[in-house]
1. Could you compute the longest span of the chain free of trypsin sites (Lys or Arg not before Pro) located in DSSP loops and having at most 15 other Cβ atoms within 10 Å, not counting the site residues?
2. Take the chain, connect every pair of alpha-carbon atoms lying under 10 Å apart with a spring to form a Gaussian network, then pick out the residue of PRO153, PRO32, PRO176 with the largest mean-square fluctuation.
3. Can you put PHE218, PHE161, PHE203 in order of Cβ neighbours within 10 angstrom, beginning with the fewest?
4. Expressed in nm², what is the orientationally averaged projection area of the convex hull enclosing the Cα positions of the chain?
5. Let me know the shape class of the stretch 9-127, please: from the alpha-carbon gyration tensor, a ≥ b ≥ c as square roots of the eigenvalues, rounded when a/c is under 1.5, otherwise prolate if a/b is greater than b/c, or oblate.
6. Springs between alpha-carbon atoms under 10 Å, Gaussian network over the chain: tell me which of GLU67, GLU93, GLU206 tops the mean-square fluctuations.
7. Among PHE134, PHE161, THR90, which residue has its Cα positioned farthest towards the positive end of the charge dipole of the chain, with +1 placed on the Cβ of Lys and Arg, -1 on the Cβ of Asp and Glu, and the dipole taken about the Cα centre?
8. Averaging sequence separations of C-alpha pairs under 8 Å and six or more residues apart, then dividing by the length of the chain, give the relative contact order as a whole percent.
Amino acid sequence: MTFFFPTESLRAFPPRLYPDYKSTVKRSPTKPLIIIPHTLSELTGPVYGQDAVQPGDEDLTQQHAGEPIGERIIVHGRVLDEDGRPVPNTLVEIWQANACGRYIHVVDQHPAPLDPNFTGAGRAKTDETGYYKFITVKPGPYPWGNHYNAWRPCHIHFSLFGHAFISRLVTQMYFPGDPLFPFDPIFNSVADERARDRMISSFDLEATIPEWALAFRFDIVLRGRNQTPMES
Ligand SMILES: [Fe+2]
C-alpha cells in the first residue's frame, strides 16, 4: 500500500451536497473545510468495541428466541486495499431493516410490522485473508419521504473501522437487479456508474447452502481507483 492518499479514490465519493437527496441540503457544510491535525490518542487509541466481538455476533438470525421472518441469506466478502491485498482485523458492522422494510427505531413508524426475532444489527472482524461473513435476512425496501413515492432499494448499511477510531468508513450494500435503482437519489449521488456498481453485491451460487440460504458477495475496496463509494 502506498503511504499517500490516492486522489482517484475521491472520484468514487458522492458530493456532500446533492439536492435530490434532500437531507444533504441541511447537512452539507456551507464554508470551506478546515483540516484539523490528528492527535496521538486519535491515532493510537483502541478502536471502539473491536475486542468485544464475540462468536455469533455475525449471525443476525440467532439473536432472539426464534428465527426472523424473511429470506435467509449469507452476505460475505473481503476487505481489500488499493492493490487487492487483504485488510485483516477490520471491524465490520452492519445494520438493516427487517424483511418488511422496517427498522427498530423510534423514528421509523411506517406501517410495516416489526419482527420480535430481528434486531437488524451485527458485527464481525476480518480474518487474516480480509474475509468476513454475516448470516441475516434480506431487508425489504422502505418509504423514506424524500420526495413523492420515494422508496429505498433493498440495502444493508456497512461500517468499517481500521487501526484507529478516526478511520471509520460507512457505505451501503445493494442487491443485484433492484428495480428501484433508477429512482433512488442516495444510490445515484455517486456519479460514476462503475462506482455505483461497486456498491451492488453479486449473487454467489458457490456460497449458497442448498436447502438453507442464498448468498451474496460484497468485496469492499478501501481506496484507489476501485474504491467502494463511501458516505462523507
Ligand atoms: Fe437504510
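1. Numbers: sites that count: ARG16, LYS22, ARG168, ARG225.
Formally, the longest exposed-site-free interval is 23-167.
2. Highest fluctuation of the listed residues: PRO32.
3. Details: PHE218 24, PHE161 21, PHE203 13.
Result, fewest neighbours first: PHE203, PHE161, PHE218.
4. Details: hull surface 56.8 nm².
The number I arrive at for the chain is 14.2 nm².
5. Details: a/c = 1.98, a/b = 1.24, b/c = 1.60.
Judged from the Cα gyration tensor, the stretch 9-127 comes out oblate (a/c at least 1.5, b/c at or above a/b).
6. Result for the chain, Cα springs under 10 Å: GLU206 fluctuates most.
7. Selected residue: PHE161.
8. Details: 489 pairs, mean separation 63.2, N = 232.
For the chain, the relative contact order is 27 percent.
All of the numbers you see were taken from the coordinates with simple rules; none came from a lab. What you are looking at is a predicted structure, and each value in this text was computed from that prediction instead of being measured. Neighbour counts are summed over all protein chains in view; Cβ atoms, including those assigned to glycine, are modelled from backbone coordinates with ideal geometry.
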